[in-house]
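Remarks on the structure that follows.
The values are calculated or read from the model by the stated rules, or taken from the named source; none is laboratory data. These numbers come from a predicted model, not from an experiment. Cβ sites come from the backbone with ideal geometry, for glycine too, and all protein chains shown count toward neighbours. Protein only, heavy atoms only, side chains kept; ligands, DNA and RNA dropped before computing areas. Shrake-Rupley method; radii C 1.70, N 1.55, O 1.52, S 1.80 Å.
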Amino acid sequence: MNLFTDVNEFIKWVESRSRFSKKVSLDNMRYFASLFGNPQNKFKSIHVTGTNGKGSTVSYLKNIYLKQKLNVATFTSPYIICFNERITYNNKFISDEDLLKYGNLIISKFQLIEEHNHELPSFFEFITLLAFLYFADLKDLDIAIIEVGIGGRLDATNIITPLCSVITNIGMDHMTQLGNSKESILNEKLGIVKENSIFVTS
């Protein structure tokens, strides 16, 4: 497909992509990342999931680190005013130019993805990969705080190996995707916890 030169057209196209796909593994997301040298392995991260309080937790952590003069990136969803809010570096939204740069970079691989019989990235897979590519290129980045989209175990963000995994409180949310009991929802969210890493919950 053609590359984009207008950021508004690009955002409109991204937001038109499928929001949910039936997943049984993260193989597709790992494949997409491998096409770009696995950018998720090139920066330190903290992973945050839960039912409520994810955004607040990201904000608290970000501001604590900024007060310590560290360089901090965040990936959150959804946005309130501007699509670019999803991806920040030191409190500044990703620029329109970088949205287009990394978005077009991913799109340039679409033909290859289809030739290898993979589905093209969904909406959330696409913007997650875009954020990871952007973070990997930030020369002075100290830490990226990554908020999951839904759940955790099969969330597109869960290809990272964070320094710390955080789960806020658990409630009944996204039951179609995560299950109809707190136990099943918790099991999905516990999927972000990695072996030999720090886990914090409330």
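Here are a few things to note about the model shown:
- Residue check, Leu163 over 11 Å from the mean Cα position of the chain (by Cα), at pLDDT 95 or above, aliphatic (A, V, I, L, M) and open to solvent by 60 Å² or more (accessible area, probe 1.4 Å): yes
- Residue in the range 110-124 that is touching a strand residue (DSSP E or B) at 6+ places or on another chain (Cβ under 6 Å), open to solvent by less than 30 Å² (accessible area, probe 1.4 Å) and part of a helix (DSSP H, G or I) present: no
- Filtered by the rule that a residue be over 24 Å from Leu66 (Cα atoms) and in a helix (DSSP H, G or I), the range 99-109 gives Leu100, Lys101, Tyr102, Gly103, Asn104, Leu105, Ile106, Ile107.
- Residue match in the range 46-53 (condition: out of contact with any Leu (no Cβ under 7 Å at 6 or more places or on another chain) and within 17 Å of Ala136 (Cβ to Cβ)): yes
- Top-ranked residue in the range 125-142 [being among the aliphatic types (A, V, I, L, M) and part of a helix (DSSP H, G or I); ranked as surrounded by the fewest Cβ atoms within 10 Å (Cβ to Cβ)]: Ala136
- Restricting Tyr89, Tyr79, Tyr102 to residues that are over 27 Å from Lys23 (Cβ atoms) and aromatic (Phe, Trp, Tyr) narrows the list to Tyr89.
- Subset of the range 99-109 [under 20 Å from Asn84 (Cβ atoms) and open to solvent by 20 Å² or more (accessible area, probe 1.4 Å)]: Leu100, Lys101, Asn104, Leu105
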